[in-house]
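Participant: Encoded as structure tokens, here's the structure I'll be asking about.
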Amino acid sequence: MKISTKGRYALRIMVDLALNEEDRFISLKEIAEKEGISQKYLEQIIALLNKAGFLETYRGNNGGYKLAKAPGKYIVGDILRATEGDLTPIFCISEEGRL
């Protein structure tokens with residue numbers, strides 16, 4: 001299975017947020033700087049993670065993102081499915097490909 005840049009970056013973002021010991025909201029700019037990801041690309045990935053319910057968001061001053069659950073509650077496959085889509089290597093074994 002090949003994982004795209006989007007999937008790899010999503011995992012890096014989730015690990016970065018999991019290491020957030022202060023349990024504070026981390027800004028998009030801060031994540032982009034720490035991970036070396038452009039803010040524009042990061043916005044696309046964060047939107048997918050947020051839509052999947054993995055993140056809590058806060059707008060305004062001191063706003064940003066943090067994990068919605070404890071770090072141990074996340075599964076790598078779920079994160080990749082949120083960003084990559086179906087992970088089956090061949091269409092015929094996916095849910096849509098079944099007869």
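The values are calculated or read from the model by the stated rules, or taken from the named source; none is laboratory data. Quick caveat, the model's predicted, so the values are computed rather than measured. We place every Cβ from the backbone using ideal geometry, glycine too, and count neighbours over all the protein chains shown.
Participant: Would you mind finding the one in Lys29, Lys66, Lys6, Lys51 that is of a type outside the set (Asp, Glu) and more than 14 Å from the chain's Cα centre (by Cα)? Full working, then the answer.
Facilitator: Values: Lys66 fails: more than 14 Å from the chain's Cα centre (by Cα); Lys6 fails: more than 14 Å from the chain's Cα centre (by Cα); Lys51 fails: more than 14 Å from the chain's Cα centre (by Cα).
One residue alone meets the criteria, Lys29.
Participant: Further question: Just for the range 1-31: of the residues that are part of a loop (DSSP other than H, G, I, E, B) and farther than 17 Å from Asn62 by Cα, which one is modelled with the highest pLDDT?
Facilitator: So the first thing to find is which residues in the range 1-31 are part of a loop (DSSP other than H, G, I, E, B), and the list is 1-4, 19-25, 27.
With the extra rule that they be farther than 17 Å from Asn62 by Cα, the set shrinks to 1-4, 19.
Details: Met1: 63, Lys2: 74, Ile3: 82, Ser4: 86, Leu19: 91.
Looking at the filtered set, the residue picked out is Leu19.
Participant: Select from the range 1-22 the residues that are free of Cβ contacts under 8 Å to residues at least 60 places away in the same chain and hydrophobic (A, V, I, L, M, F, W, C) and write down the one among them that is farthest from Gly72 (Cα to Cα).
Facilitator: Ile13
Participant: Quick check: is even one residue across the range 32-54 among the hydroxyl-bearing types (Ser, Thr, Tyr), closer than 17 Å to Lys6 by Cβ and outside any helix (DSSP H, G or I)? Give the derivation first.
Facilitator: The initial filter retains those residues of the range 32-54 that are among the hydroxyl-bearing types (Ser, Thr, Tyr), namely 38, 41.
Filter again for closer than 17 Å to Lys6 by Cβ, leaving 38, 41.
Narrowing the set further to residues that are outside any helix (DSSP H, G or I) leaves 38.
Yes, the range 32-54 contains a residue that is among the hydroxyl-bearing types (Ser, Thr, Tyr), closer than 17 Å to Lys6 by Cβ and outside any helix (DSSP H, G or I).
Participant: Could I ask something else about it? Could you please tell me which pairs satisfy a Cβ distance under 9 Å, a separation of 6+ or placement on different chains, a first residue in the range 66-86 that is more than 19 Å from Gln44 (Cβ to Cβ) and among the aromatic types (Phe, Trp, Tyr), and a second residue that is modelled with pLDDT of 90 or more and part of a helix (DSSP H, G or I)?
Facilitator: If the second residue must be modelled with pLDDT of 90 or more and part of a helix (DSSP H, G or I), the pairs left are Tyr74/Met14; Tyr74/Ala18.
Participant: What residue, among those in the range 55-99 that are β-branched (Val, Ile, Thr) and not in a loop (DSSP other than H, G, I, E, B), is modelled with the lowest pLDDT? Working first, answer last.
Facilitator: Going through the range 55-99, the residues β-branched (Val, Ile, Thr) turn out to be 57, 75-76, 79, 83, 88, 90, 93.
From what's left, not in a loop (DSSP other than H, G, I, E, B): 57, 76, 79, 83, 93.
Details: Thr57: 93, Val76: 92, Ile79: 94, Thr83: 91, Ile93: 51.
Of everything passing the filter in the range 55-99, Ile93 is modelled with the lowest pLDDT.
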